[in-house]
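Since the structure comes first, as C-alpha cells, the remarks are kept for the end.
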Amino acid sequence: MTASLYWRCLRAVIIREGLRFVHQRERFFAALVRPLVWLAIFAVGFRAVLGLSIIPPYETYILYEDYVTPGLVGMIQLFNGMQSSLSMVYDREMGSMKTLLVSPLPRWYLLVCKLLAGVLVSIAQAYVFFAIAWFWEVQPPPLGYLAVLPALVLSGLMLGALGLLLSSFIRQLENFAGVMNFVIFPMFFASSALYPLWRIREGSPTLAWIAGINPFTQAVELIRFALYLQFNATAFLAVAACLVLFLGGAILAYDPGRGFWARRGGPAEQG
Amino acid sequence: MACYETAPPDQRAMSGTVAEPVLAVEGLSHSFGNRTVLDDVSFGIPAGRFAVLLGLNGAGKTTLFSLITRIYNTRRGSIRVFGFDMRRQPTQALARIGVVFQQPTLDPDLTVLQNLRYHGGLHGLAPAVIEQRAAEELTRIGLLERGDERVRTLSGGQRRRVEIARALLHQPSLLLLDEPTVGLDIELRRQVLDHVHDLCRERGLAVLWATHLIDEARDGDGVVVLHRGRVLAEGLVDEVCAAAGAPALGPAFARLTERATQKGTGQ
C-alpha cells in the first residue's frame with residue numbers, strides 16, 4: 001500500500017514534467033537544435049583541424065562526428081540538469097514549489113521524483129538526437145543504443161543532482177546567467193566532450209588535469225564507452241560518487257530543518 | 001511508515017478520550033537570524049470552525065503558515081494536526097491539511113484536470129479516486145466543463161476556486177488559506193468567502209483563513225488576532241469584541257494593536 005503511494009507520487013511528477021516539456025515548444029526545439037548545430041556545423045569545420053588517433057573505445061579511425069556525438073549527448077543532459085535547476089528556482093520564486101513540498105511524502109523522496117522526471121526527459125531527448133545523428137552517418141553498433149541506456153540514466157542523475165544542488169544556492173532567477181558562465185561553459189569546454197584528453201595535454205597539462213577530474217568528462221566517457229559496448233569502470237565510479245555527493249548535498253539543502261529554507265525562510269517571505 | 005489513508009480523522013477524534021482540536025498550536029516561536037517573527041503563539045481550531053487569522057502585513061501570518069505546512073521545521077513550540085505532531089509525524093499531519101497559498105500555484109500551461117491530477121498524485125491518491133473527486137469538486141464550483149482547458153484561460157476568481165477544489169481533493173480536515181482574496185474584486189471576494197463558509201458548515205472542516213481585511217470575519221467566526229508575531233486575542237468574534245470592550249471587530253482590532261504598540265514602546 002505504501003509503495004503504491006510512492007509510485008503514484010513519482011508518476012504524477014513525471015507526467016507533469018513531461019507535459020511541461022512538451023508544452024514549452026521553444027525549450028523542446030532549443031534542446032534539439034543545440035546539439036545539431038554542433039554536429040552539423042562545428043563538427044564539419046573542426047574535422048579538418050583536429051586529427052584523431054585510435055583511442056579506446058574506438059577500434060579504428062573515426063570521423064570527428066563520431067567522436068563528438070557522446071559529448072553532445074552529455075551536453076543535452078548537462079543543459080537539462082541546469083534547466084531543471086532553473087525551473088526549481090523559478091518554482092520557488094513563484095511559490096508553486098510549495099504545492100510539491102506540502103505533499104505528505106518525505107521531502108528527500110520528492111526531490112528524487114523531480115530528479116528522475118528530469119532524467120527521463122533528458123533521455124528522451126538523447127535518443128531523438130541519436131536518431132538524427134544516425135542519418136548523419138554517426139552509426140555506433142546497434143546494441144550500443146541499448147548499452148548506453150544505463151549510462152544515460154547514471155549520468156543524467158548525476159548532472160540533474162548537480163542542478164538540484166545549485167538551485168539551492170541560487171537565490172534569484174537573475175543569477176542564472178552566472179550558472180551559465182561559471183558552470184555550464186567551463187564544464188563543457190574543459191572536458192573530453194569536444195576533444196580527447198591527450199589532445200588537451202599537448203596544449204596544457206594543467207587543463208588536461210582539470211578536465212580529467214571534471215565530473216562531466218567522466219559522464220561523457222561513461223556514455224562514449226557504453227555506446228561502443230565497453231564498460232569504463234573509472235568513469236562509472238566517478239559518476240556514481242559525484243551523484244551521491246550532489247544528491248546528498250541537495251537533500252540537506254532542501255531539508256525543512258536545516259539548509260536555506262530554515263535559514264532565510266523560504267521564498268518571498270513577507271511575514 | 002503507516003498508511004495515512006486509513007481511519008477517517010473524525011472517527012479518531014471521537015474515539016479519543018479528549019476531543020483534540022483539529023489544529024493545535026502551542027508556544028510557537030520562530031526567528032530568522034536575530035529577527036523574531038513569531039513569539040510564543042498559541043491557539044486552537046475545532047472541527048467546523050471558520051477561524052480568521054487577522055493581522056497586518058508583517059504580522060507573521062505567512063511564517064505561521066509555512067510552519068504549519070512544514071515548508072520549514074518548527075524549532076520552538078509545537079503544531080499538532082488531529083493530534084499528529086508536525087515534527088514527529090509530518091506524514092500523517094500533512095495528509096490532513098489542504099492549503100491555498102497566497103501566490104497562485106496552479107500551472108497555467110496545464111489544464112485544470114492535469115493540475116488536479118498532479119496534486120492528487122502527490123498525495124498518493126489512486127487515479128480512479130482522483131478522477132471521481134475532481135469531477136465532484138469541479139461540479140461544485142461550476143467548472144466541470146472547463147476541466148480540459150488550460151488554467152491560463154480562467155479568470156482570477158475561477159483560478160482561486162480551482163485552487164480551493166485542489167486543496168480539498170485529498171479530503172483534508174483542516175483547510176488553510178493565506179490571503180486567498182488578494183487581487184479579487186468585491187463580488188468575487190464575497191463568493192469565495194461564501195464558498196469556504198459553506199464547506200466549513202457542510203463538511204465540518206476546520207478553516208484557518210489569513211487576512212488583513214477585517215470585514216472578512218463574519219459573526220460566528222473564530223478570530224485569532226496576530227500582531228508583530230504575538231497573539232493578542234483569540235475566540236469567537238463577539239468574544240474578542242467583548243474582551244476588548246469594542247462594539248465591532250474593527251474598533252476591537254484597533255484598540256488591541258494600539259495597546260500592544262504602547263506596551264511595546266513603554267518597555
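The values are calculated or read from the model by the stated rules, or taken from the named source; none is laboratory data. All figures in this text were calculated on a predicted structure; none of them were measured in a lab. Cβ sites come from the backbone with ideal geometry, for glycine too, and all protein chains shown count toward neighbours.
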Would you check which residues across the range B:62-88 are facing chain A (nearest Cβ under 10 Å) and over 15 Å from the mean Cα position of the chain (by Cα) and list them?
-> B:72, B:73, B:74, B:75, B:86, B:87
Among residues of the range A:1-48 being β-branched (Val, Ile, Thr) and farther than 16 Å from residue B:126 by Cα, the residue farthest from the other protein chains (Cβ to nearest Cβ) is A:44
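Mind listing whichever residues of the range B:98-124 are aliphatic (A, V, I, L, M), at the interface with another protein chain (Cβ under 7 Å from one of its Cβ atoms) and surrounded by 23 or more Cβ atoms within 10 Å (Cβ to Cβ)? I'd like the intermediate steps shown before the answer.
Restricting attention to the range B:98-124, the residues satisfying the condition of being aliphatic (A, V, I, L, M) are B:99-100, B:106, B:110, B:112-113, B:116, B:122.
Filter once more, so that each one left must be at the interface with another protein chain (Cβ under 7 Å from one of its Cβ atoms): B:99, B:110, B:122.
Within the range B:98-124, B:99, B:122 meet the criteria.
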The residue that is modelled with the lowest pLDDT, considering only those in the range A:131-141 that are surrounded by 20 or more Cβ atoms within 10 Å (Cβ to Cβ) and within 11 Å of residue A:39 (Cβ to Cβ), is A:138
Test set (1) at pLDDT 85 or above; (2) closer than 23 Å to residue A:149 by Cα; (3) out of contact with any Leu (no Cβ under 9 Å at 6 or more places or on another chain); (4) of a type outside the set (Ser, Thr, Tyr) - residue A:71 fails condition number | (3)
Within the range A:92-107, residues of a type in the set (A, V, I, L, M) and either touching a helix residue (DSSP H, G or I) at 6+ places or on another chain (Cβ under 7 Å) or more than 7 Å from chain B (Cβ to nearest Cβ) (or both) come out as A:97, A:100, A:101, A:102, A:105
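Please note which helices (runs of 4 or more DSSP H) are completely contained in the range A:123-233 and include at least 3 residues that are within 19 Å of residue A:85 (Cβ to Cβ) and hydroxyl-bearing (Ser, Thr, Tyr).
Counting at least 3 such residues, we get A:144-169.
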Residue B:176 passes all but one of (1) out of contact with any strand residue (DSSP E or B) (no Cβ under 7 Å at 6 or more places or on another chain); (2) within 11 Å of chain A (Cβ to nearest Cβ); (3) among the aliphatic types (A, V, I, L, M); which number fails?
-> (1)
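Looking at the structure I just gave you, is residue B:104 in contact (Cβ under 8 Å) with a residue 40 or more places away in the chain and in contact with a helix residue (DSSP H, G or I) (Cβ under 9 Å, 6 or more places away or on another chain)?
Values: in contact (Cβ under 8 Å) with a residue 40 or more places away in the chain: yes; in contact with a helix residue (DSSP H, G or I) (Cβ under 9 Å, 6 or more places away or on another chain): yes.
It is true that residue B:104 is in contact (Cβ under 8 Å) with a residue 40 or more places away in the chain and in contact with a helix residue (DSSP H, G or I) (Cβ under 9 Å, 6 or more places away or on another chain).
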Of all the residues that make up the range A:209-255, how many are under 30 Å from residue A:97 (Cα atoms), free of Cβ contacts under 8 Å to residues at least 24 places away in the same chain and not small (Gly, Ala, Ser)?
-> 3
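Do you know which of the residues in the range B:125-134 that are among the aliphatic types (A, V, I, L, M) and under 23 Å from the mean Cα position of the chain (by Cα) is nearest to the other protein chains (Cβ to nearest Cβ)? Outline the logic, then answer.
Looking only at the range B:125-134, we keep the residues that are among the aliphatic types (A, V, I, L, M), and these are B:125-126, B:128-130, B:134.
Within this subset, residues satisfying the condition of being under 23 Å from the mean Cα position of the chain (by Cα) are B:125, B:130, B:134.
Values: B:125: 7, B:130: 9, B:134: 13 Å.
Of everything passing the filter in the range B:125-134, B:125 is nearest to the other protein chains (Cβ to nearest Cβ).
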Residue match in the range A:65-81 (condition: surrounded by fewer than 21 Cβ atoms within 10 Å (Cβ to Cβ) and without any contact (Cβ under 8 Å) to a residue 12 or more places away in the chain) | no
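For the range B:249-267, which positions are aliphatic (A, V, I, L, M) and modelled with pLDDT under 90? Outline the logic, then answer.
We begin by selecting, within the range B:249-267, every residue aliphatic (A, V, I, L, M); these are B:249, B:252, B:254, B:256, B:260.
Correct list: B:260 only.
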Can you pull out the residues in the range B:125-143 that are farther than 11 Å from residue B:166 by Cα, small (Gly, Ala, Ser) and either touching a residue at least 24 places away in the same chain (Cβ under 8 Å) or surrounded by 17 or more Cβ atoms within 10 Å (Cβ to Cβ) (or both)?
-> none
